[in-house]
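The values are calculated or read from the model by the stated rules, or taken from the named source; none is laboratory data. What you see is a predicted model, and the numbers here were worked out from it, not measured in a lab. Cβ placement follows ideal geometry from the backbone for every residue including glycine, while neighbour counts extend to all protein chains displayed. Calculation scope for accessible area: heavy atoms of the full protein, side chains included, ligands and nucleic acids excluded. Shrake-Rupley method; radii C 1.70, N 1.55, O 1.52, S 1.80 Å.
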Amino acid sequence: MEATLSARALENLLGAWRGDGGSVYRALADRIRLLMLDGRIPVDTRLPAERDLAERLGLSRTTVTAAYRELREQRMLRSIRGSGSVARLPGAPAVLPVPPAADYVDFSKAALAALPWLPEVAREAVEDLPAHLGDSGFDPIGIPQLHTAIAERYTARGLRTDPEQVMVTLGAQHAIALLSRALVGRGDRALIEAPTYPHAYEALRAAGARLVTVATSPHDVGPDGFGAGDEAGDLVRAMGHANPVAAYLMPDFHNPTGRSLDAEARERVLDAAARQGTVVIADETTAELDIDRGLELQPLAAYGPAVMVGSVGKTVWGGIRVGWIRADRPLIRRLLAVRSPGDLGTPILEQLMVARLLDRMDDILDLRREQLRAGRDHLERRLADAFPGWHVPHVDGGIATWVGLGAPVSSQLALAARTQGLIVAAGPRFGIDGAFERFLRLPICYDAETTDAAVQALARAWGSLARTPVPDQSVLAAVV
């Protein structure tokens, strides 16, 4: 069933879309196109009627008609008699169109390249496979070897874990979706940080949640190594006021801001969640990507009741679709019931690979720490040279930095960057209803050559914005 976007909702998503020069209808079409490419208007969403949108935006209907017509010509809209205009994408309708790699630098994905010794591990896993060929191969809970390896990893990090507390999933996103369906009923409140990982709030919304947001500050290293502000206090107050059934948090190297919660903050948040009966889902996909934090912090569930989500997507390779949930046994049983209608388990061969990889995780993290430090430091130098007015936090781990642009132009910059051969995720992709136009998420995990090409394209795109004045701003390069 297709979703419907009201004129008011689209107005909120559009933000400050009008420039002082050029045609109004083309500026409107360009912003709607970016919202589709960026995932903020999902495929198959019905857009507002032309008359309704024109009245809401204070435009003539002719202007909106012209904008919709341009989107149809670009194959971004399709008209259905009696149903209006529905969002689509060129080519395969369910995925974003990715230009040829030779023509574009894709800086929208904060993910490391595969481990150099991954082929070797794959060959070793094939040798383990015959021992598992005697049964059906459908595995909704996970093979014993991997359960044991995951449990031992948590125990080594300070969180005692039994193999029976683990469910293996098809990556972390699958784990978040399963937990959303198991914990959230339609109309229930769920707490999220803002900004946050967009596919997490999409999973919660798909389960019927009403989202309650708590602001997460950009990471700025202070005397204690953590950003300013009392996020823990805000989370505690939000739990008391909204009484959410679930809370999705990233306590370590938050994506996109890079901030981490200290031990005291973890205890305060989990104590409040326990009092309210809120189930905390802790996403740990980036938790061990520590560059130079210099603090020993245990997994969140070591400080109080929490459900842990992990994967090897950020540490090993995104192409290995294996993640896990660490929870109490009753919840694991509930998850099994939720899972069976959607999938029948995780591939055995990939589980065998991950079981071997977890035994080498310390070596993996040493390599990743070296790569991320080099990527971060190089990106910081290039941004400082090209954009001295931008605010670039010095993150001490994770995969990205949350850059302050000094003006609400993130969507326009992302659109301009595409014309310069660069794909980058606009700040509002990580918020709700068009928030975070003053920020841009930039990955720190690419090599110097790729980063150089991306920064050069950003500089060209930024220069094009400087030549096109934007309402309600005087200087594009002002520091946040």
Evaluation of Trp317 against (1) more than 21 Å from Glu127 (Cβ to Cβ); (2) open to solvent by 30 Å² or more (accessible area, probe 1.4 Å); (3) out of contact with any Ser or Thr (no Cβ under 7 Å at 6 or more places or on another chain) (one fails), failing number
(1)
Number of the exception - Leu335 against (1) within 24 Å of Asp135 (Cα to Cα); (2) of a type in the set (A, V, I, L, M); (3) at pLDDT 95 or above; (4) in a loop (DSSP other than H, G, I, E, B)
(4)
If Leu159 satisfies all but one of (1) crowded, with 18+ Cβ neighbours inside 10 Å; (2) free of Cβ contacts under 8 Å to residues at least 60 places away in the same chain, what's the number of the condition it fails?
(2)
It is to be established whether one or more residues within segment 47-69 are touching a Phe, Trp or Tyr at 6+ places or on another chain (Cβ under 8 Å), among the small types (Gly, Ala, Ser), at pLDDT 80 or above and within 23 Å of Gly431 (Cα to Cα).
no
Taking Pro330 as the residue in question, decide whether it is out of contact with any strand residue (DSSP E or B) (no Cβ under 8 Å at 6 or more places or on another chain) and free of Cβ contacts under 8 Å to residues at least 12 places away in the same chain.
yes
In segment 135-156, residue surrounded by the fewest Cβ atoms within 10 Å (Cβ to Cβ) [restricted to those that are assigned to a helix (DSSP H, G or I) and β-branched (Val, Ile, Thr)]:
Thr155
Search segment 334-348 for residues that are closer than 16 Å to Gln173 by Cβ and pair each with any residue that is modelled with pLDDT under 95 and surrounded by 13 or more Cβ atoms within 10 Å (Cβ to Cβ) when their beta-carbon atoms are under 7 Å apart and the residues are at least 6 apart or on different chains.
Arg339/Pro140; Thr346/Asp139
With the structure loaded, tell me whether Ile320 is assigned to a loop (DSSP other than H, G, I, E, B) and under 23 Å from Phe138 (Cα atoms) or whether it fails that test.
yes
All-but-one check, Pro119 against (1) open to solvent by less than 50 Å² (accessible area, probe 1.4 Å); (2) closer than 17 Å to Met361 by Cα, failing number (1)
Please work out which one of (1) part of a strand (DSSP E or B); (2) at pLDDT below 80; (3) hydrophobic (A, V, I, L, M, F, W, C) is the condition Val86 fails and give its number.
(2)
Report yes if Gly389 is on the phi < 0 side of the Ramachandran plot, open to solvent by less than 20 Å² (accessible area, probe 1.4 Å) and in a loop (DSSP other than H, G, I, E, B), otherwise no.
yes
Answer yes or no as to whether Val168 is outside any loop (DSSP other than H, G, I, E, B) and either modelled with pLDDT under 95 or farther than 28 Å from Lys109 by Cα (or both).
no
What about Trp462, is it part of a helix (DSSP H, G or I) and modelled with pLDDT of 85 or more?
yes
Neighbours by Cβ (under 9 Å, 6+ apart or cross-chain): first from segment 261-284, in contact (Cβ under 8 Å) with a residue 12 or more places away in the chain; second among the hydroxyl-bearing types (Ser, Thr, Tyr) and outside any loop (DSSP other than H, G, I, E, B)
Val280/Tyr248; Ile281/Ser180; Ile281/Tyr248; Ala282/Tyr248; Asp283/Tyr248; Glu284/Ser311
